[in-house]
Structures are given as C-alpha cells and as structure tokens.
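**Student:** Would you mind keeping the following structure in view while I ask a few things?
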C-alpha cells in the first residue's frame, strides 16, 4: 500500500502548490501589474493566519488520528467533525469582519492606494472560510490510504481554477468579478471535498 504513496503524493503536492499560485498568474496575465500586486497583498495578508492557526489544528488532528490508526474509523470521523466545527466557529468572526470592513482595514493598515486589496479581501472572505474549515481534510486520505483520491481532488481543484479564469476571459469580466467567480467556485470545491472526506472514512 505504501509503495504507491510517492506516486500519488508528489504530483498531489505539486498541484496543490500550483493551484495556490494560479490565481495570481492568471490575474497577472489578464490585468495590469497594480491589480496583481493588490491581489498578492490580499492573499498574503489573509493566508498568514490561515496557515498559522488552520495548519496547527490540522496537524494536531493528524497526530491524534494517526495514533488511533485506520482500525478506529468511527472515532476519527467524530474527531474530524469536532475539529471542523471548531475551525468554523473560530473562522466566523474574522470572516464577518472581512466581509463588512475589509476595504477599511486594508486602507487603514496599508494606505489608501491599497483599497483594492481590501475589496479583494471582502470578496475572498467566504472562500477563505471554507478553506480554513477544510485544512484537516487531506489528512483523512493519508490515514486511510486514499492518496489516489486526494490526487483526484487536487486535479479537480486546478481544473476548476482553469475553468474559472477561462470563463472570466471569455466573458471579459473585470478583476473584482474574476475574484468573485474564483471565490465561489473554490468555496464549493472545499465544501464538497469535506463531505467527500467524511464519506471516505470507512464504516465499522
């Protein structure tokens, strides 16, 4: 079972990194350098707390779940639901603050010239909420030898990003509508990935 592990995990990690950088690459190709810089700041500022708190909880979940082992799926399912709920509760206040005051916060912190980054942060708030909730999900596939399924989810994600920006290009949408389309598509992807992970955990 472990022989196939790198075959799936290496491309999976690569696609995950590519999907993370793809929005900036597409925005750089389709809009001006100022818009790209504004999005870069928004993603960097919002991504830091996500990585810090989300990954810490996800690693704690993985350590505990791996300790239980794949022979106790029911306990792992209960634990996953509990962690996702805690992440959701933790994420609600900052998501609401960003939705309402994102532009004001960025203008105050970085100056008037970065107000578009604040607008992008408002649009990305819901997507980041679902991304934050989904941080422990990948570990489920590691525990139950679902590297192939995780690779499929990462292929699906990068595919959605391409579909999203192809649609944006064909419809000649402005940068705000482009980020809104991306935010909605990826929110749906993260939600469905979480449901799929729960269903992937075997029943005793």
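**Student:** Report whether or not residue 80 is over 16 Å from the mean Cα position of the chain (by Cα), within 21 Å of residue 39 (Cβ to Cβ), at pLDDT below 95 and surrounded by 20 or more Cβ atoms within 10 Å (Cβ to Cβ). Don't jump to the end; show me each part of the working.
**Tutor:** Details: over 16 Å from the mean Cα position of the chain (by Cα): yes; within 21 Å of residue 39 (Cβ to Cβ): no; at pLDDT below 95: yes; surrounded by 20 or more Cβ atoms within 10 Å (Cβ to Cβ): yes.
Taking the combined requirement at face value, the residue does not satisfy it.
**Student:** Could you figure out which of (1) touching a helix residue (DSSP H, G or I) at 6+ places or on another chain (Cβ under 7 Å); (2) surrounded by fewer than 16 Cβ atoms within 10 Å (Cβ to Cβ) isn't true of residue 39?
**Tutor:** Residue 39 satisfies every listed condition except (2).
**Student:** Return the residue satisfying two criteria in turn: it lies in segment 153-173 and is on the phi < 0 side of the Ramachandran plot and out of contact with any helix residue (DSSP H, G or I) (no Cβ under 9 Å at 6 or more places or on another chain), and of such residues it is surrounded by the fewest Cβ atoms within 10 Å (Cβ to Cβ). Even if it seems obvious, please write down each step before you answer.
**Tutor:** Start the filter on segment 153-173 by keeping residues that are on the phi < 0 side of the Ramachandran plot, which leaves 153-171, 173.
With the extra rule that they be out of contact with any helix residue (DSSP H, G or I) (no Cβ under 9 Å at 6 or more places or on another chain), the set shrinks to 159, 166, 170.
Values: 159: 13, 166: 11, 170: 8.
Among those that are on the phi < 0 side of the Ramachandran plot and out of contact with any helix residue (DSSP H, G or I) (no Cβ under 9 Å at 6 or more places or on another chain), it is 170.
**Student:** May I pose another question? Determine whether segment 18-30 contains at least one residue that is out of contact with any helix residue (DSSP H, G or I) (no Cβ under 7 Å at 6 or more places or on another chain) and farther than 21 Å from residue 124 by Cα.
**Tutor:** To start, the set of residues in segment 18-30 that are out of contact with any helix residue (DSSP H, G or I) (no Cβ under 7 Å at 6 or more places or on another chain) comprises 20-21, 25, 29.
Still in the list and also farther than 21 Å from residue 124 by Cα: none.
No, there is no match, as no residue in segment 18-30 is out of contact with any helix residue (DSSP H, G or I) (no Cβ under 7 Å at 6 or more places or on another chain) and farther than 21 Å from residue 124 by Cα.
Here is a yes/no grid of residues against (1) in contact (Cβ under 8 Å) with a residue 24 or more places away in the chain; (2) over 20 Å from the mean Cα position of the chain (by Cα):
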| site | (1), (2) |
| --- | --- |
| 171 | no, yes |
| 176 | yes, no |
| 179 | yes, no |
| 182 | yes, no |
| 190 | yes, no |
| 194 | yes, no |
| 201 | yes, yes |
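One line per residue, one yes/no per condition, for (1) under 20 Å from the mean Cα position of the chain (by Cα); (2) assigned to a loop (DSSP other than H, G, I, E, B); (3) at pLDDT 90 or above:
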residue	(1), (2), (3)
1	no, yes, no
7	no, no, no
19	yes, no, no
47	yes, no, no
57	yes, no, no
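**Student:** Name the residue that is farthest from residue 194 (Cα to Cα), counting only residues in segment 136-155 that are under 13 Å from the mean Cα position of the chain (by Cα) and assigned to a helix (DSSP H, G or I). Give the derivation first.
**Tutor:** As a first pass, look at segment 136-155 and keep what is under 13 Å from the mean Cα position of the chain (by Cα): 136-138, 153-154.
Okay, now just the ones that are also assigned to a helix (DSSP H, G or I), so 137-138, 153-154.
Values: 137: 6, 138: 9, 153: 11, 154: 13 Å.
Residue satisfying both the conditions and the ranking: 154.
**Student:** Since residue 71 meets every condition but one in (1) in contact with a helix residue (DSSP H, G or I) (Cβ under 9 Å, 6 or more places away or on another chain); (2) at pLDDT below 90, which condition does it not meet?
**Tutor:** With respect to (1) in contact with a helix residue (DSSP H, G or I) (Cβ under 9 Å, 6 or more places away or on another chain); (2) at pLDDT below 90, residue 71 is out only on (1).
**Student:** Any chance segment 85-107 includes a residue that's within 22 Å of residue 182 (Cβ to Cβ), in contact (Cβ under 8 Å) with a residue 60 or more places away in the chain, over 17 Å from the mean Cα position of the chain (by Cα) and assigned to a helix (DSSP H, G or I)?
**Tutor:** yes
Conditions tested, residue by residue: (1) under 21 Å from residue 86 (Cα atoms); (2) touching a helix residue (DSSP H, G or I) at 6+ places or on another chain (Cβ under 8 Å); (3) surrounded by fewer than 17 Cβ atoms within 10 Å (Cβ to Cβ).
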| position | (1), (2), (3) |
| --- | --- |
| 110 | no, yes, yes |
| 121 | no, yes, no |
| 126 | yes, yes, no |
| 130 | yes, yes, no |
| 134 | yes, yes, no |
| 141 | yes, yes, no |
| 146 | no, yes, no |
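The values are calculated or read from the model by the stated rules, or taken from the named source; none is laboratory data. Model, not experiment: these values are computed from the prediction. Cβ coordinates were reconstructed from backbone atoms using ideal geometry, including for glycine residues, and neighbour counts include every protein chain displayed.
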